[in-house]
Amino acid sequence: QVQLVESGGGLVQPGGSLRLSCAASGRFWSINAMGWYRQAPGKQRELVARITSGNTTTYADSVKGRFSISRDNAKNTVDLQMNSLKPEDTAVYYCNVNARLSALYSYDMWGQGTQVTVSS
């Protein structure tokens with residue numbers, strides 16, 4: 001029903017920037033919300049940022065002021081601009097999309113994950 005393609009991960013030095021992108025495609029009515037989660041080795045997966053269909057945004061306290069999430073409803077994409085990166089941001093980042101598949105059914109989809117490594 002829905003396919004997610006993630007891009008933009010990589011290695012960056014502390015203080016640097018990366019931009020993650022996620023594109024949703026497939027057969028669905030609309031997207032209710034899109035977001036990014038991350039998981040570091042040995043730690044729980046956590047919400048980084050998300051944005052709803054009404055453009056309400058939510059950020060983890062640890063990234064407020066540094067990360068910015070945006071979406072393009074026409075293209076069904078979501079971007080995460082990450083600035084002032086810290087080693088603590090190192091993790092696998094996963095795109096998450098909650099898509100409406102029918103009048104009564106919505107479903108969460110996950111990307112494969114993209115590695116972000118912040119190291120000097």
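The values are calculated or read from the model by the stated rules, or taken from the named source; none is laboratory data. Note that the structure is a prediction, hence the values are computed from the model and not measured. For the accessible areas, the whole protein counts, side chains as well, though only heavy atoms, and no ligand, DNA or RNA atoms are used. Shrake-Rupley method; radii C 1.70, N 1.55, O 1.52, S 1.80 Å.
Quick notes on this structure:
- For segment 98-114, putting each phi into the Karplus relation 6.51 cos²θ - 1.76 cosθ + 1.60 with θ = phi - 60° gives couplings of 9, 10, 8, 9, 7, 5, 10, 10, 10, 8, 8, 10, 10, x, 6, x, 10 Hz, in residue order, rounded to whole numbers and with x for Gly and Pro.
- The fraction of accessible area contributed by carbon and sulfur in segment 51-92 is 45 percent, rounded to a whole number (1.4 Å probe; ligands and nucleic acids excluded).
- Eligible lysines near residue 43 by straight Cα distance, threshold 19 Å, same-chain separation 8 or greater: 86
- Bridging of residue 75 to lysines at a Cα separation below 28 Å is possible for 64, once same-chain residues fewer than 8 apart are set aside.
- Rounded to whole Hz, the Karplus (6.51, -1.76, 1.60) HN-Hα couplings of segment 27-35, x for glycine and proline: 9, 7, 6, 6, 10, 7, 7, 9, x
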